[in-house]
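Let me begin by presenting the structure, written as structure tokens, before commenting on it.
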Amino acid sequence: MTWLVSVARKRSRYSATETDPVILDPNGLTMRGVGPIPWRDFGPAQHKMVQAEHDGGFVRRAVMELSPSGLYNVNERTPFEIREKLSPAVGPFWNRHHRYIYIPGVEGLKTKEVMQLINAGHRLFSGARF
């Protein structure tokens, strides 16, 4: 019972992050209460076939692929509860890791519009061309 209560408390602590604003600034992208995530840590927003969360298949999602520095920062330096807000872990149970950041939802905007804004911010603040 104590374990269930501690898990519930941890999850409730981060549940409000879904309504946090999405912020694009020169330091990076802030979303779901995480950030700023440096622009160099992820690539452009795009639709990609990624491993489904609940089965062994694949599904098309709007994602930003993590760069080598992003893989390290998300998988090693970010607390587990926060990582799960960015994307689900993939891979076998002995090597679970996060390869992508899912595109956040923004009230009043379609996914494609959010992707365009993130890519514009990426070009503006990181100097990347894609």
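The values are calculated or read from the model by the stated rules, or taken from the named source; none is laboratory data. All values derive from a computational prediction rather than experimental measurement. Quick reminder, even Gly has a Cβ in these numbers, built from the backbone with ideal geometry, and neighbours come from all protein chains shown. The protein model used for the area step is the full one, side chains on, heavy atoms only, and it has no ligands, DNA or RNA in it. Shrake-Rupley method; radii C 1.70, N 1.55, O 1.52, S 1.80 Å.
Expressed as a whole percentage, what fraction of the accessible surface of the stretch 31-130 belongs to carbon and sulfur atoms when a 1.4 Å probe is rolled over the protein heavy atoms?
Numbers: 3170 of 5980 Å².
The nonpolar share, carbon plus sulfur, comes to 53 percent.
Just subtract the alpha-carbon distance of Ile23 and Gln46 from 0.36 nm times their residue separation and send over the number in nm, one decimal.
Gain in length upon complete extension: 6.4 nm.
Which whole-number percent is the relative contact order of the stretch 40-130 (Cα, under 8 Å, 6+ apart)? Walk me through the numbers before you get to the answer.
Working: 119 pairs, mean separation 25.7, N = 91.
Value for the stretch 40-130: 28 percent.
Taking only the alpha carbons of the stretch 17-130, what extent do you get along each of the three principal axes, in Å, biggest first?
So the extents along the principal axes, rounded to whole Å, are 38, 29, 28.
Assuming R0 = 22 Å, what is the FRET efficiency of Ser67 and His97, from their Cβ-Cβ distance, to the nearest 0.05?
0.95
On a straight-distance basis, which aspartates and glutamates could pair with Lys110 in a cross-link, Cα separation under 13 angstrom, same-chain partners fewer than 8 positions away excluded?
Straight-line reach from Lys110, under 13 Å: no aspartates and glutamates qualify.
Taking the Cα centre as origin and putting +1 on Lys and Arg beta-carbons and -1 on Asp and Glu beta-carbons, what dipole magnitude results for the stretch 23-130, to the nearest 20 debye?
280 debye
Quick check: with the 1.4 Å probe, what order do Arg60, Arg32, Arg99 take by accessible area, largest first? Working shown, then result.
Numbers: Arg60 155, Arg32 35, Arg99 95 Å².
Descending accessible area places them as Arg60, Arg99, Arg32.
Using the beta-carbon distance between Phe58 and Val106 and R0 = 35 Å, what value does 1/(1 + (r/R0)^6) give for FRET efficiency, to the nearest 0.05?
Efficiency, rounded to the nearest 0.05: 0.90.
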